[in-house]
1. State whether the residues of region 48-59 include one that is more than 17 Å from the chain's Cα centre (by Cα) and at pLDDT 70 or above.
2. Go through region 77-101 residue by residue and tally those that are surrounded by 12 or more Cβ atoms within 10 Å (Cβ to Cβ) and among the aromatic types (F, W, Y).
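The values are calculated or read from the model by the stated rules, or taken from the named source; none is laboratory data. Given the structure is predicted, the values throughout are model-derived calculations rather than measurements. Cβ placement follows ideal geometry from the backbone for every residue including glycine, while neighbour counts extend to all protein chains displayed.
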Amino acid sequence: MKKFLEEFKAFALKGNVMDMSIGVIIGAAFGNIVTSLTDNFINPLIQVCTGGMGEDGVAIGGSFKISGVSFNYGAFLSAVINFIIMAFILFCLLKAINKAMSIGKKEEAAKPAEDPADVKLLKELVAIVKEQNPEAAKAAEEKLAAK
């Protein structure tokens, strides 16, 4: 049980999990902002366009009744608009993040990769062997090519 708790602690405190939890919290807060936008600005526009204004100046509409059952299509339209706004903003954020990540990768790819010290040493040794005994070097290359 102790090992299980240690593994869980290591998992829960990893950077990815912490970043994800922060993202969920910020996403929920942002979701509340978008919900407020749709509830307080877009819904009244939908209600005015679909049902008009009542005598007291309050927007009506956005729902209808059939056999005593109320269908609130205004709330459904609000949820759809809320989703579209969230999806569009997340798309733009993800596109910006991917572009920023690709900029860093292009800089890394632009630098020519340098051989490690041991590879450089082996290349130098091969060059020396070729200079001293070209026939033996050629035979060794042929053996390697055959394998």
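1. Taking region 48-59 as the starting set, the residues that turn out to be more than 17 Å from the chain's Cα centre (by Cα) are 48-59.
With at pLDDT 70 or above added as a condition, the list becomes 48-49.
Looking through region 48-59, at least one residue is more than 17 Å from the chain's Cα centre (by Cα) and at pLDDT 70 or above.
2. Qualifying residue count for the region: 1.
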